[in-house]
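The values are calculated or read from the model by the stated rules, or taken from the named source; none is laboratory data. Here the structure is a predicted model, which is why all the values come from computation and not from measurement. Cβ placement follows ideal geometry from the backbone for every residue including glycine, while neighbour counts extend to all protein chains displayed.
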Amino acid sequence: MCYYKYILNQKEGNAMKKLISVLLCFAMIFATCAIGATAQISEESKISDYPVIIVPGYSATTLYIGDSFETGEKVWGLNMDLILERVLARIVDLGIGLGSVLTVGNAKLIAETLGEEMAVIFEKIRCNPDGSSAYDVKRKYDTAKKSNSAYMLENLKDGDPDERHEQDIAAAIAEYVGVENIYNFTSDFRMGAETCANLLHEFIQDVKKETGKDKVNIFCLSHGGQVTATYLSLYGHLGDVDNAVLTVPAIGGAGILYDAFNCDIDFDEECLLRFIEHGTMIEEDYNWLVKAQQLGFVDKVLEELIPHIFPLLGYWGSLWDFCPADKYDELKERLLDPVESAPLIEKSDRFHYEILPSIGEKLQACIDDYGMNITIISGTGNRIVTGLMENSDGIITTNASTGALCAPLGERFADGYVQKNPCNGKNKISPDMDIDASTSYLPDNTWFVDGLFHGMTFKDSYTSSLLLTTLLTDEITDVYSNPDYPQFRDTSNPSHAVYAEFNTADPGILDGNATSLIITNCSLINDVKLTAIHVDGLDIKFNLEKVTLAPGESVEVPFEGTVPEVSKKVFSITIYYNNGSVTPLGYRTQNFNISNGNAVDYEGGTVDASAKTPFDEIIGEGFAKILKNLGFYELFSMLYTLIFYSIVSIFNK
C-alpha cells in the first residue's frame, strides 16, 4: 500500500474574518454575470474552411456506467441533486464543524464528514492503484458525428444539459465557420496524457472522414493543451493539423496539483479574489481590501480532506502527468507503491522522461517540417492560488505552460540581463524582465500576457482576437507576423480598469521617440477618472489634467524629462483612478523597459520587482510590514499618493 504522508501546516488568524472572506468570494462568483470580451478577425482575412476541434480543459467529458447513456448511470459531471441530498443528510455533523469556525475552527470534523460523502459520490470514478478504472466507465459523445455541435443541438432534449465545450468561445468561432463545423473532443480525462492523445488521433481521423477534409484546426486549453501537445509530439508528422492554438496549456503540469498532493494548501485570498474579478470581468476592485487576510481555515479543511480523497483520485494517470517535472520524482517516491502502482508509474514515467523532454523539439518540427501553425497563449504574473510561490496564471506555472525561464515570484532579472539562448538575435526577455522566453518550447510562437488568469483567454480583447486570428486564418505564423500582436503584453481585462502604453513603441517599451503615455479605459460599463500617475525608477513627470474616460476611451498624457540612452532598464508606472465602484480608489502598476541605446551592464542575479510609491519613501520597512499585516497598507498608500500629487499639482501651477 502506498504511504501517504500528511503534513499539517499550522496557521494563525481570525476564523470569523476568514469565513466572511470565503462567503464574499462565493457571493461574487454567483452574483456576477460573466461577459465575454469583444473579439474579431480582420475583415480582409481569409477564413480557413477546415473543421475546428475543441479539446477542452480538465473534467469536461460526461462519463457514465451502463449499456447506454440513456439507461446508464452518470458518474461525471456532478449530480448536484445527489450531492445536496447527501449534504442535507449530514447537516448536523457539518453544522457542528462550521459552528466551531466561530470559535476554534474544527477543520478535521468537516473534512471527515466531506471525505465520507465524497467516498460515496465519487466511488464510481475511482481508479485502482495500477491506474486502471475500477469500473467500466464510458463516454457519451465518442464519435465525430455525435460530438458535432450542430448534431448535439439538434438532439438536445428538454432538461438535458448542453454539453458542448467552451460555449462562449465556440459561439465566436461559429460566427466564422458555422456551428456545423465545430467538433467536441471527449476523453476519459482520468487517464494519462498519452492515452488521451491516442484518442485524439483516432478522433481526428473520424472528423476527417466525416467532413471529407484532409486537415483540422484545433483549439484547446489547460489539460487539453497538454493532450494536444502530446498528440502533436506523437502524431504531428502525419500532417493532419493546419492550425493549433494552445491557450494556458498544462504542457508541463499544474502547480496547483503539487500543492494538493503535497498537502500544502495556503490559499492566497487576494490572488483568489483577483482570479474571480478577472473571470467575471467585475469592475469593483475588491482584491486589495483583503490583501492581508489568508484563507487559513479553508486551507486546514483541504489539508485534512486530501488524505480522504487520495484513494479516490490519487491514482488518476492524468493527475500524475500534471505533476511538474521538477517535483514528480519526489511525489512519486512518497505516494506511490512501486509494485502496486507499477503500470501507472510506467506510463507517467514515459510522459515525464521521454515525451515531455522532447516536446519543444517535436512541436518545432511540426512548424518547420510539416507546415503547421502552432500558437501558445499563456498567462503570467500571478502566484498559484493554492500557495505555490511561482510565476503562473494562477493554476499552471508559466514555466510548465511554456518552457520559459522565470525569475522567482516577486523578483525580476536585474537590469541588463542576457537571455539564455541567442534566438537569432531576437529579444526574448519580457519588458518587466521576469521571463526569458528563449528557453520556451516554441520561442517564436508563444505569447505572454502579464496578469492573464487561467481559462480567461476569452475575457481579454487582445487574447480573444489573437486566439481567433491564429485559429481561423494562416496570417500569423509567429510573434513577428503582425505588430498588433506582440509577444509580450499586459492584459486589458476590464477588472484592471486601465491599460497604458507609450505612443511610439511596442507595449511595455519606452524608446527615445516617445512623447506621451496612452491610457485606455478597459471598462465595459464604468467611466474612469484619472487622479494621479507615479513613476518609479525613471526621472520623468506626467502632465496629468484631471480627465474622465468613457468605456473604451483613451487619452494621451504628455511627459517631461529625458529618456536615458540605455536599454534593458526597468521602471514602473502606477496609475491611480476612480471608477465609481464600491471601492472608489483604485490603481494599476505596469512595468516598462527602456530601449534607447546600449544595454546597461548586467551584474547578475535577480532584484525585487515591486514598485515603490511616495508612501514608501516616508515610512520604514518595519512600519510598512505592520500595515500590510493589518490590511491597511494599500489604503494608506493610495490616500497618501493622491494627497502628494494634489499638492504637487498646486505648486506646479
For this session: Determine if the stretch 495-504 includes at least one residue that is more than 25 Å from His165 (Cα to Cα), among the acidic types (Asp, Glu), free of Cβ contacts under 8 Å to residues at least 60 places away in the same chain and touching a Phe, Trp or Tyr at 6+ places or on another chain (Cβ under 9 Å).
Result: yes
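Residue by residue, here is whether (1) under 28 Å from the mean Cα position of the chain (by Cα); (2) more than 22 Å from Ser495 (Cα to Cα); (3) not β-branched (Val, Ile, Thr) holds:
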| position | (1), (2), (3) |
| --- | --- |
| Glu545 | no, yes, yes |
| Pro558 | no, yes, yes |
| Glu565 | no, yes, yes |
| Tyr577 | yes, no, yes |
| Leu585 | yes, no, yes |
| Asn591 | yes, no, yes |
| Lys612 | yes, yes, yes |
Exercise. Taking the stated definitions as given, is Asp136 modelled with pLDDT under 95, surrounded by fewer than 24 Cβ atoms within 10 Å (Cβ to Cβ) and within 28 Å of Leu336 (Cβ to Cβ)?
Worked result: yes
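To keep it simple, each residue is scored yes or no on (1) touching a residue at least 40 places away in the same chain (Cβ under 8 Å); (2) within 26 Å of Leu452 (Cα to Cα).
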site	(1), (2)
Asn526	yes, yes
Val535	no, yes
Glu560	no, no
Phe592	yes, yes
Problem set entry | Hits in the stretch 529-543 (condition: under 17 Å from Gln590 (Cα atoms) and either under 27 Å from the mean Cα position of the chain (by Cα) or part of a loop (DSSP other than H, G, I, E, B) (or both)) | Gly537, Leu538, Asp539, Ile540
Seminar exercise, completed: Condition set aliphatic (A, V, I, L, M), modelled with pLDDT of 95 or more and under 28 Å from Ser572 (Cβ atoms), scope the stretch 456-497, selection surrounded by the fewest Cβ atoms within 10 Å (Cβ to Cβ): answer is Val479
Problem set entry | Contacts under 7 angstrom Cβ, first residue in the stretch 610-624 being without any contact (Cβ under 8 Å) to a residue 40 or more places away in the chain, partner in a loop (DSSP other than H, G, I, E, B) and surrounded by 13 or more Cβ atoms within 10 Å (Cβ to Cβ), 6 or more apart | Ala624/Asp616
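To keep it simple, each residue is scored yes or no on (1) farther than 16 Å from His165 by Cα; (2) buried (at least 23 other Cβ atoms within 10 Å of the Cβ); (3) of a type in the set (Lys, Arg); (4) touching a residue at least 12 places away in the same chain (Cβ under 8 Å).
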site	(1), (2), (3), (4)
Arg190	yes, yes, yes, yes
Glu194	yes, no, no, yes
Leu199	yes, no, no, yes
Glu210	yes, no, no, yes
His223	no, yes, no, yes
Gly239	yes, no, no, yes
Thr247	no, yes, no, yes
Ala250	yes, yes, no, yes
Seminar exercise, completed: In the stretch 434-474, anything β-branched (Val, Ile, Thr) and outside any strand (DSSP E or B) is listed as Thr439, Thr457, Thr463, Thr469, Thr470, Thr473
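Within the bounds of the stretch 334-357, is there any residue that is in a helix (DSSP H, G or I), among the basic types (Lys, Arg) and at pLDDT below 95? Step through it out loud before you land on a result.
First, pick out the residues of the stretch 334-357 that are in a helix (DSSP H, G or I): 334-335, 342-357.
Next, from what is left, pick out any that are among the basic types (Lys, Arg): 334, 347, 350.
Checking the rest, the ones that are also at pLDDT below 95 come to 334.
The answer is yes, given that some residue of the stretch 334-357 is in a helix (DSSP H, G or I), among the basic types (Lys, Arg) and at pLDDT below 95.
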Exercise. If you take just the helices (runs of 4 or more DSSP H) that sit entirely in the stretch 206-299, which of them hold at least 3 residues that are at pLDDT 65 or above and of a type in the set (Gly, Ala, Ser)?
Worked result: 223-235
Exercise. Which one is surrounded by the most Cβ atoms within 10 Å (Cβ to Cβ) among residues in the stretch 502-528 that are more than 19 Å from Thr589 (Cα to Cα) and under 27 Å from the mean Cα position of the chain (by Cα)?
Worked result: Asn526
